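Novice: Dropping the structure in here first, questions after.
Just so it is clear, none of the values below were taken in a lab; they were calculated from the coordinates. All figures in this text were calculated on a predicted structure; none of them were measured in a lab. So basically every Cβ, Gly included, is an ideal-geometry build from the backbone, and we count neighbours across all protein chains shown.
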Amino acid sequence: MVKAVVLGAAGGIGQPLALLLKTNPLVTELGLYDIVNTPGVAADLSHIATPAKVEGYLPPDSGLAKTLKGADVVIIPAGVPRKPGVTRDDLFKINAGIVHDLAQGIAATAPDAFVLVISNPVNSTVPIVAEVYKKLGKFNPKRLFGVTTLDVVRASTFVAETLGDLSKSTEVVVPVVGGHSGVTIVPLLSRSSHPLPTAFDTEKLEALTKRIQFGGDEVVKAKDGNGSATLSMAYAGAEFANKIIKALSGGESLIAPSYVHLDADKEGGAALKKEIGKELDYFSTNVQIGPDGVEKILPLGKLTDYERQLIGSAVPELTANIEKGATFQRTPA
Ligand code: NAI
């Protein structure tokens, strides 16, 4: 009996994500909220023969509170996407306010829900949500997640392509750590479940690393002004959300990569900071998730010199992104 909610449900990510959640038999209620079109999206999805009862609301008449009532999991893909020449950080100006206001709504109506943030820049929007909750005295770091799954999905696909066998892409697992934008995305290719070819030289390793870090740009360029990754993001978002839903409903612990506050597991967080060599509040890594949220933050483990160097380059940008989100002040629109 899980109620899942999508905020930004009429968008390029929101619609296919809502579709995938509707196909999860563990979801018994699906709440959809957006500033446009949610009644239509909800009516459409409600004809699919799966258990979830679907409701869609717009802002008037407390639509946000109605959508969020009783929510267990809230996924946020609301906001504007990138266009060619626009970085994730450029989106901050618009998306920061949107995420801030939605977080206030969640904290008011469903303060114990698991919150999964997709809206970019994730490195900053997650700290925005945390600060809103802190101000209200309701922050539980164990239940706040930045969705970085698309980086992991891309790494699996690109490694399988490199191995010349796309059928392996569902089996390939590559840890991707750090954050979710450009150089803050750090794939640990030395730890791929399927090792790279022995003839893979430094130049090829750097090219593959860069492709994973900037994979989103391929989509932005190909869409030519019509947005960024939506379908692959919906797939990745559903993969992560479905793990959370399983952990919630089955009482089982699962491992998934996510961008989390390092206080979510104080001991694991402190150990991770030692590995990184820096006092950061947020980082993306594998976490163990159970019915109450994050149980353990898992260590990065053995790194090559090249991977250490990549983390070294990620940390200053990540630090600045976190600071920008944590100090964001909402000016009324
Ligand atoms: P989109 O423009 O197609 O959809 C966004 C939706 O949010 C629209 O339907 C819009 O009406 C809605 N919205 C705007 N303000 C709102 C508010 N105050 N309350 C509720 N809904 C609101 O954009 P798309 O492509 O779905 O991307 C959404 C976000 O996801 C962007 O910030 C994008 O950068 C991010 N993204 C994140 C990825 C990740 O890996 N975490 C990957 C790809 C995109």
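Novice: Using R₀ = 41 Å, calculate the FRET efficiency as 1/(1 + (r/R₀)^6) where r is the Cβ-Cβ separation of Met1 and Val173; round to 0.05.
Specialist: Working: r = 31 Å, r/R0 = 0.75.
Efficiency, rounded to the nearest 0.05: 0.85.
Novice: Right, something else. In what order do Ile118, Ile244 fall by count of nearby beta-carbon atoms within 10 Å, going from fewest to most? Could the numbers behind the result be given before it?
Specialist: Details: Ile118 32, Ile244 24.
So the residues, fewest neighbours to most, are Ile244, Ile118.
Novice: What number, in percent, do you get for the relative contact order of the chain if the mean sequence gap of Cα pairs under 8 Å and at least 6 apart is divided by its residue count? Please list the in-between numbers first.
Specialist: On the way: 678 pairs, mean separation 59.0, N = 333.
Relative contact order of the chain: 18 percent.
Novice: Can I ask one more? Taking a point 7 angstrom from the Cα of Ser313 along the C-beta vector, which residues in the range 206-245 have backbone N less than 19 Å away?
Specialist: 206-218
Novice: Here's another thing I want to ask about it. What is the percent of Cα-Cα separations in the range 193-266 that go past 19 Å?
Specialist: Values: 1660 of 2701 pairs.
I get 61 percent for the Cα pairs in the range 193-266 exceeding 19 Å.
Novice: For the range 40-122, take N as its residue count and report Rg(C-alpha) divided by 2.2 N^0.38 Å. All intermediate terms of the calculation are to be shown ahead of the outcome.
Specialist: On the way: Rg = 14.6 Å, N = 83, 2.2 N^0.38 = 11.8 Å.
In units of the 2.2 N^0.38 Å rule of thumb, it is 1.24.
Novice: Something else now. Can you work out the FRET efficiency for the pair Lys210 and Ser249, with r the C-beta to C-beta distance and R0 = 56 Å, to the nearest 0.05? Write down the numbers at each step before the final one.
Specialist: Numbers: r = 39 Å, r/R0 = 0.70.
Efficiency at R0 = 56 Å is approximately 0.90.
Novice: Given that compact globular proteins tend to follow 2.2 N^0.38 Å, what is the ratio of the alpha-carbon Rg of the chain to that value?
Specialist: Working: Rg = 19.0 Å, N = 333, 2.2 N^0.38 = 20.0 Å.
That works out to 0.95 for the chain.
Novice: Then there is this: Nearest 5 is fine: what % of DSSP beta bridges in the chain come out antiparallel, could you say? Spell out each step's value before the answer.
Specialist: On the way: 17 of 38 bridges.
Once the DSSP bridges in the chain are tallied, antiparallel ones form about 45 percent.
Novice: At 7 Å along the Cα-to-beta-carbon direction for both Glu218 and Leu136, put a label point, then send me their distance in nm to one decimal.
Specialist: 4.0 nm
Novice: Measure off 7 Å from each Cα along the Cα-to-Cβ vector at Leu26 and Ala49, then give the distance between these two points in nanometres to one decimal.
Specialist: With each label placed 7 Å out from Cα toward Cβ, I get 2.5 nm.
Novice: Convex hull volume of the Cα atoms in the range 131-228, per residue, in Å³? The partial results should precede the final answer.
Specialist: Details: hull volume 13.4 nm³, N = 98.
Here the figure is 137 Å³ per residue.
Novice: Kirkwood Rh over Cα pairs of the range 276-333 into Stokes-Einstein at 20 °C, 1.002 mPa s: D in µm²/s? Kindly include the intermediate steps, with their values, before the conclusion.
Specialist: Values: Rh = 13.9 Å.
Using the Kirkwood radius from Cα pairs, D works out to 154 µm²/s.
Novice: Take a quick pass over the range 83-190 and tell me how many lysine pairs come in under 25 angstrom between Cα atoms, counting only ones 8 or more apart or on separate chains.
Specialist: On the way: Lys83/Lys93; Lys93/Lys134; Lys93/Lys135; Lys134/Lys142.
Pairs that pass both the separation and distance tests number 4.
Novice: Got a sec? Which residues in the range 236-270 would a label at Asp292 touch, if it sits 7 Å along Cα→Cβ and we count backbone N under 19 Å?
Specialist: Only 244-256, 261-270 pass the distance filter.
Novice: Can I ask one more? For the range 255-301, what is the relative contact order in percent, using Cα pairs closer than 8 Å and at least 6 residues apart in sequence? All intermediate terms of the calculation are to be shown ahead of the outcome.
Specialist: Working: 77 pairs, mean separation 21.4, N = 47.
Reported relative contact order: 45 percent.
Novice: Further, regarding this structure: Which three semi-axes in whole Å describe the equivalent ellipsoid of the range 182-333, each the square root of 5 times a Cα gyration tensor eigenvalue, listed largest first?
Specialist: Numbers: eigenvalues 125, 99, 80 Å².
Ellipsoid half-lengths, sorted descending, are 25, 22, 20 Å.
Novice: Further, regarding this structure: Evaluate the distance, in nm, between pseudo-label points positioned 7 Å from the Cα of Thr87 and of Ala320 along their respective Cα→Cβ axes.
Specialist: It works out to 0.6 nm between the two label points.
Novice: Let me know the charge dipole size of the chain about its Cα centre in debye, to the nearest 20, where only the beta-carbon of Lys, Arg (+1) and Asp, Glu (-1) is charged. Don't skip to the answer; put the middle values down first.
Specialist: Numbers: 33 positive and 35 negative charges, 76 e Å.
The dipole of the chain has a size of about 360 debye.
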